[in-house]
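What follows is a short report on a single structure.
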Amino acid sequence: METSYVSAARVITTAEACRRFGLTARAMRHYEDRGLLQVERDWLNRRCYDAEAQRRLAWIAALRRARLPLRDVDEVLRAEAVSGAGAEVADEKLRALAADFARLQAVAEEMRRVIASGAASIAA
């Protein structure tokens, strides 16, 4: 995944990472606890996000905005780390989400028809 977020040589703070990626500090700590993100610490024990951590945060932020569950995010990140195939895995996950969404839309439309017909029979 190519991203304009990442500065190759610059380490950023938690506050800057929050602003840049639209995540909360709590969410980033959770991703770290889940093993999705490895973060270095400075001499004051503050988290420092290097280029690799920033790349992973860019992936995580984008995939979470797409509502992918963390197990799928983990799968994408692993594919990217192992073979550079993160984009392909992400695309597969997003296609599955789109199919689920289409099924939900069909169910919602059916529910609207049932509600409308029920309301019409009550009024009669």
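Overview of results
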read-out: Per residue, in Å², the accessible surface of the stretch 18-124 once ligands and nucleic acids are set aside, probe 1.4 Å; value: 66
read-out: ³J(HN,Hα) computed for each position of the stretch 96-105 - Karplus, 6.51 cos²θ - 1.76 cosθ + 1.60, integer Hz, glycine/proline x; value: 5, 4, 4, 5, 4, 4, 4, 5, 5, 4
read-out: Viscosity 0.692 mPa s, temperature 37 °C, Stokes-Einstein D of the chain from Kirkwood C-alpha radius, µm²/s; value: 196
read-out: Anisotropy class of the stretch 48-92 from Cα gyration tensor, a/c 1.5 cut; value: oblate
read-out: Mean-position separation - Cα centroids, the stretch 12-33 and the stretch 66-87, in angstrom; value: 18
read-out: Computed over the chain: relative contact order in percent, which uses C-alpha pairs under 8 Å that are six or more apart; value: 21
read-out: Calculated FRET value between R29 and A108, using beta carbons and R₀ = 35 Å, to 0.05; value: 0.45
read-out: Two-decimal Rg to Rh for the stretch 61-124 - Kirkwood Rh, Cα set; value: 1.34
read-out: ³J(HN,Hα), Karplus 6.51/-1.76/1.60, whole Hz, each residue of the stretch 66-72, x for Gly, Pro; value: 7, 6, 6, x, 4, 5, 6
read-out: Share of carbon and sulfur in the accessible heavy-atom surface of the chain [1.4 Å probe, %]; value: 55
read-out: Pairwise FRET efficiency - F101 versus E40, Cβ, R0 = 22 Å, nearest 0.05; value: 0.05
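The values are calculated or read from the model by the stated rules, or taken from the named source; none is laboratory data. Since we're looking at a predicted model, the values are computed, not measured. So basically every Cβ, Gly included, is an ideal-geometry build from the backbone, and we count neighbours across all protein chains shown. Ligands, DNA and RNA are stripped out before the accessible areas are found, and what is left, the full protein with its side chains, is counted by its heavy atoms. Shrake-Rupley method; radii C 1.70, N 1.55, O 1.52, S 1.80 Å.
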